[in-house]
Every structure is written in structure tokens, then in C-alpha cells.
Amino acid sequence: MLSRKWPQRKHRWLNALADKKMSKLYVSPKLDGVRCTASMSALFSKCGQKIDSLDHIFHDTQLLLRRQFDGFRKGSIILDGELYAENWRPTLGEVLGNVGKRRPVINFRLFKLERQISLYLFDAYFVDHPDMPYIQRIAHLQRLYKARKATEDITNIFLLPRRTVSSEAECDAYLHSSVAKGYEGIVVRTAAGLYYPGKRSSNVLKYLYWRKELCTICDVIEGKLGLQNTLGSIVCETSTGKIQNVNFSLDYDKRKYWWENREKLKGRRVVIKTFTHTGGDIRFGSVHELVVEEPNEL
């Protein structure tokens with residue numbers, strides 16, 4: 001199940017809190033990792049690609065799932081979480097690039113320090129109970145995890161912490177505290193939210209903290225396909241000294257103008273809008289504005 005964005009859809013939940021139709025929301029940190037679901041057969045990415053590695057994590061998922069639990073038949077629970085490593089964020093960025101290429105199989109053995117990756121669970125899907133609300137799913141998941149941890153050596157899977165909030169101010173405070181700890185934002189859920197496998201759901205909202213960073217343009221790259229002969233992206237130096245490609249998200253005419261005048265861009269400063277920094281890298285950044293002397297250039 002995939003999330004939608006908090007700013008565009010928060011109002012109905014906040015109105016429900018104000019009208020006492022809902023007593024609280026559930027929030028948890030949003031990890032800067034790789035989405036992963038786990039069944040009895042394998043680990044999978046959010047696009048359904050099989051992850052043909054991470055044996056240490058798959059082993060622990062089988063310790064959780066291999067036996068019937070609490071009346072749920074064996075194989076009827078699918079775990080949902082994030083592959084994450086506290087001290088390995090730049091490499092996880094490389095892994096994300098590998099996932100994005102839509103290969104039929106993802107192999108984390110291509111990357112160093114594979115065993116530093118853990119799986120942080122934040123939800124579960126109960127195949128025989130598709131109408132089970134979030135509050136019940138998370139309660140069953142917690143009982144399952146606690147029961148198996150008491151008897152099995154599970155060391156590579158953790159439950160993602162969560163708490164409740166009852167107002168927008170509390171939600172904003174939790175966002176800022178999470179960002180201060182190095183997370184990219186938070187995820188907000190309701191108690192009654194249902195789980196929709198493989199679909200984007202309004203029952204799960206991501207709340208990210210946007211930032212702006214001043215960078216210097218080193219080079220420019222031509223656009224592809226329908227954007228040939230226009231400016232596709234820029235190569236810039238970040239405040240940490242790293243060199244990265246960033247999308248130049250302007251309309252077609254401005255892309256064309258700047259491609260024809262691309263030499264004027266080199267050495268100029270540019271403001272990048274990005275929602276997170278990963279090991280000093282810009283993630284999903286785009287040009288917000290050029291720092292220009294001529295005010296009408298953009």
C-alpha cells in the first residue's frame with residue numbers, strides 16, 4: 001500500500017478531529033530506505049520485484065511467519081516495512097537507483113555491507129481479512145512480533161515506533177522532531193484505515209519537510225525524448241561539495257531558452273528545492289529558482 005501527501009489531504013482528518021468524529025491520528029517516522037513486503041515465499045519491493053538477497057532478513061521473516069498465529073492460518077500474513085540502515089544512507093541511495101530500473105530481480109549483494117540493513121515493520125496485511133482496520137492490524141502485528149521474539153532469535157527485524165497526536169500542532173511538532181533526528185518526514189494514519197495491497201491509499205499520508213539549498217551550476221545536460229534540444233537537467237555542486245544531477249523543472253520554452261544559452265548558466269548559483277538530504281545528497285530535488293542579476297530571465 002502506497003501513501004498520498006499530507007498537505008493536500010489533511011483537512012478532512014483535521015476537521016474530523018475538530019468535530020470529535022475522530023479522537024487521534026497515528027504517526028511514525030518516515031525512513032529514507034527501500035520499501036519491502038515479506039511473505040512466506042520471498043521479499044519484494046514496492047513494485048513487486050523479488051529481492052534475491054538479504055538472506056538474514058528473509059530468515060527472520062520466516063521465523064515470524066512460518067507458524068500459525070492467533071487464529072490466522074500459516075501464510076496469510078504479509079509484512080510491510082522499510083529496508084533501512086542507520087549508517088549506510090549513501091549506499092541505500094545507490095540501491096534505490098537499482099530498484100528504479102525495474103529489474104525483475106533485485107540483488108543487494110551488489111552493494112557493500114549488505115548485512116547492516118534491517119527491516120523496520122510499520123504494517124501488515126491479513127489476506128483473509130481485507131477489511132481489518134489499521135488499529136487492529138498493528139495490534140496483531142505487535143503481538144506476533146512480541147510472541148516470536150520471546151522464543152526465536154530475531155535480530156534483523158524491528159517494529160517502527162509510533163505515537164498518537166490529536167491536533168495539527170502536535171503533528172507538526174512530531175514532524176520537526178523526526179527531521180531533527182535525521183528522518184525524512186513522518187507518516188500519518190487513522191485507526192480505521194484499510195490496507196489496499198499495491199495501491200496508493202488516502203488512508204496513509206506522508207508529511208515531508210521541504211528544504212531549499214543554494215548550489216553552484218557546474219554543467220548542463222540535454223533533455224531526452226520529447227525534450228531534445230532543451231535543457232534536461234543541471235550538474236551542480238552542493239553545500240557539502242558533492243556533485244549531483246538535478247532536474248530543471250521549467251516549462252518547455254524556458255528549457256529551450258536556457259539550452260540555447262547554456263554557457264550563461266555555468267558558474268551561476270541556483271536554489272534547489274528538495275524534501276530530504278541523504279548523506280549530504282539531494283533527493284528528488286528540482287530547480288526552484290536561479291540566483292540571477294537579470295530578474296526576467298526566469
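The values are calculated or read from the model by the stated rules, or taken from the named source; none is laboratory data. Everything quoted here is computed from the prediction, not taken from an experiment. Here the Cβ is made from the backbone with ideal geometry for all residues, glycine too, and neighbour counts use every protein chain on show.
Where strands (runs of 3 or more DSSP E) sit wholly within region 1-75, those with at least 2 residues that are buried (at least 16 other Cβ atoms within 10 Å of the Cβ) and touching a Ser or Thr at 6+ places or on another chain (Cβ under 7 Å) occupy 25-30, 34-38.
Take the conditions (1) under 16 Å from residue 257 (Cα atoms); (2) touching a strand residue (DSSP E or B) at 6+ places or on another chain (Cβ under 9 Å); residue 209 misses just one of them, which is (1). Listed by position, the strands (runs of 3 or more DSSP E) contained in region 180-298 that have at least 2 residues being modelled with pLDDT of 80 or more and within 30 Å of residue 132 (Cα to Cα) are 185-189, 200-208. Residues that are loosely packed, with under 12 Cβ neighbours inside 10 Å and under 16 Å from residue 32 (Cα atoms) do occur in region 178-194, at least one of them.
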